[in-house]
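Notes follow the structure.
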Amino acid sequence: MRRISTRIEGLDHILAGGLPEGCVVLIAGVPGSGKTMLANQIVFNNATLENKALVITTISEPLAKMVRFTQEYAFFDVNKIGSAVIYEDISSDLLNQNGETAVERITKLVQKHNPAFLVVDSFKILSDLAESPASFRRMMYKLVATLATLPCTAFLIGEYETSDLNTSAEFVAVDAVIELRNQLLGLRDYRSLRVAKLRGSDYVSGEHTLCITNQGVMIFPRFVTPPCPVTYTVTGEQVATGIKGLDELFGKGILRGTATLVAGEPGTGKTVTSLHFLLNGAQAGEPGVYISFQEDPSQLKHIANNFGFDIDELQQQGMLRMFYTSPVELNVDQHAPLMLREIEALNAQRVVIDSITDFQASTSRDTDRYFNYVYALVQHFKNLSITSFFTAEMSEMFGTGIMMTGVGISHIVDNVILLRYVEVEQLVRRVLTVLKARGSAHSTQVREYTISERGGVCVGKPLSGLRV
Amino acid sequence: MGANLKSPPRLLIGERDPFMRDLLQRVLAEQFEVEYAASGPVVLEKAKSFQPDLIILEILLPELDGFQVCQQLKDNPQTAHIPVLFFSMLLAEHRATQVGGDAFLIKPLRKEQFLKEIEKLLKKN
């Protein structure tokens, strides 16, 4: 089946390349969710003199208003108006008559213009104005049957709630349903897109992030695990972290391509330890990317300088990239492709994510999403043979009952390094333990470690006299 | 105003939106003789039969859009002399000028500016 590209990057990915040609698509969603814009963007992206688009407005939004606001977006091309994109307004038919008459008018307009693309905005109003549900079903059937005889891909727009979709005649009759949502999460609006139905085609299921910018609609597909099989193979090669005393706890270092969780209480040195792993690697010829949400690049530069690293020089040499995103507006699906772009641009061999606690906050709408996201991220890194460090905040201090926000994550990662404060003879000291090292033997000793400007991070001997 | 104008001057308005037609009627009826056309072909037809002194055109007209209508008006010696004021919600001044439009105003209606532009074009005629 020939596919019509929407020419909206993320959406084509979700639709496995585009919409099947000639399908009838219901774009459903509450007012303000971006339905009109999505349909208009697809038709402006595709309409030509040979493949015209017919945009029919009914009575939910006057044509004047729709055009006035749509033309503010970059996809709008005034030169296509009247030639490649034809607007028709059937509001007068609807103001004076019923839904059946309007469907007849739509059918006539389609036969007259013979468009490759049709938009009816809003279509739901026709069902509201129909004399009865049975009469609406009949007219819906007539319209879909007429469209089926033509090579026309149609978008019927409607203000439907999710619950309407299961019961409406429109849902049954159309070939595809794309639902747009706009939910309030805390103080943020979260816009999303979901394919609820697509006949004769595969698609990426679930909720995908939708953003509206002056370019129009942008879609960020839900970040998922790469297709199996994961190409990563365990080589047995050990990578030196360059942190004194740490590598020997794993033998000679951590296995290449593995993911390590560095968990610890606030102030235990998760960022400093991870920074040393990355910068030592960059100095030794392994390019690395530092993905941060808490400390911005200037703060990290300051920290690194204190330990004798020259971040600017490493960046100029193409061995290091610092990629900072504010955790306040973080959207994981939007962030993932940008992060991977940075990583692939540098051919990074090491990556630090500081911290995954910020992913958890960003995915608060869905607990499973957090684990699925981190799992997908780890698998992507493995595919690229990247050795990664993920930091995570641990909430319980001075105890053995280890309460981590990264709980559950330890199953996903290969290695777990735990940083803690302990009380030894009325003094608080820092200790490090390797809790897990998948695929390699490791020490289980509780080691004291120190952080100093001269020596950096140094893992010392097992701590004696430890009271827990 | 120009010497060859009818009294009162005649305006032909190509506008598909009945609400806008009502508004224009209220704004223009006292000073002008106004005729309306809701589609492109009707504008062309009335431009010959009504012989307006000025044509006010929306771009988004059914059958033939405002650009096509203007182009045909300007190509026809019978109507080429009639000034055309584009009055649209579409930001398309450049293309409107290319097809021979004499002036362009963006909707919504700003009464003072609108009347001033009409007066200016009628004087030119």
Need the failing condition index for B:Leu91 against (1) open to solvent by less than 20 Å² (accessible area, probe 1.4 Å); (2) within 12 Å of another protein chain (Cβ to nearest Cβ); (3) aliphatic (A, V, I, L, M), just the number. (1)
B:Leu57 vs. criteria within 14 Å of chain A (Cβ to nearest Cβ), in contact with a Cys (Cβ under 8 Å, 6 or more places away or on another chain), surrounded by 23 or more Cβ atoms within 10 Å (Cβ to Cβ) and touching a residue at least 24 places away in the same chain (Cβ under 8 Å): yes
Only unsatisfied item for B:Gly14, checking (1) within 14 Å of chain A (Cβ to nearest Cβ); (2) open to solvent by 50 Å² or more (accessible area, probe 1.4 Å); (3) closer than 27 Å to B:Asn76 by Cα, is (2)
All conditions in (1) open to solvent by 30 Å² or more (accessible area, probe 1.4 Å); (2) more than 13 Å from chain A (Cβ to nearest Cβ) are true of B:Pro83 except (1)
Of the conditions (1) touching a residue at least 12 places away in the same chain (Cβ under 8 Å); (2) surrounded by fewer than 21 Cβ atoms within 10 Å (Cβ to Cβ); (3) within 14 Å of chain A (Cβ to nearest Cβ); (4) touching a strand residue (DSSP E or B) at 6+ places or on another chain (Cβ under 9 Å), the single one that B:Gly40 does not satisfy is (2)
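This table checks each residue for (1) closer than 19 Å to A:His208 by Cβ; (2) of a type in the set (S, T, N, Q); (3) buried (at least 22 other Cβ atoms within 10 Å of the Cβ); (4) modelled with pLDDT under 90.
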residue	(1), (2), (3), (4)
A:Arg321	no, no, no, no
A:Tyr324	no, no, no, no
A:His335	yes, no, yes, no
A:Val351	no, no, yes, no
A:Asp354	no, no, yes, no
A:Ser364	yes, yes, no, yes
A:Asn372	yes, yes, no, yes
Identity of the residue in the range A:113-138, closer than 15 Å to A:Ile27 by Cβ and aromatic (Phe, Trp, Tyr), that ends up surrounded by the fewest Cβ atoms within 10 Å (Cβ to Cβ): A:Phe117
Would the range A:229-248 turn up any residue that is open to solvent by 60 Å² or more (accessible area, probe 1.4 Å) and under 26 Å from the mean Cα position of the chain (by Cα)? yes
Just give me the residues in the range A:44-93 being away from every other protein chain (no Cβ under 12 Å), buried (at least 21 other Cβ atoms within 10 Å of the Cβ) and of a type in the set (A, V, I, L, M, F, W, C), in sequence order. A:Phe44, A:Ala47, A:Ala53
Can B:Gln71 be described as over 21 Å from B:Ile118 (Cβ atoms), open to solvent by 70 Å² or more (accessible area, probe 1.4 Å), touching a Phe, Trp or Tyr at 6+ places or on another chain (Cβ under 9 Å) and within 12 Å of chain A (Cβ to nearest Cβ)? no
Out of the range A:170-213, which residues are closer than 18 Å to A:Arg369 by Cβ and aliphatic (A, V, I, L, M)? A:Leu184, A:Leu185, A:Leu193, A:Val195, A:Val204, A:Leu210
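The values are calculated or read from the model by the stated rules, or taken from the named source; none is laboratory data. In this text the structure is predicted, and so the values were computed from the model without any measurement. Methodologically, a virtual Cβ is constructed for each residue, glycine included, from the backbone with ideal geometry; neighbour enumeration extends over all protein chains shown. For accessibility, only protein heavy atoms count, side chains too; no ligands or nucleic acids. Shrake-Rupley method; radii C 1.70, N 1.55, O 1.52, S 1.80 Å.
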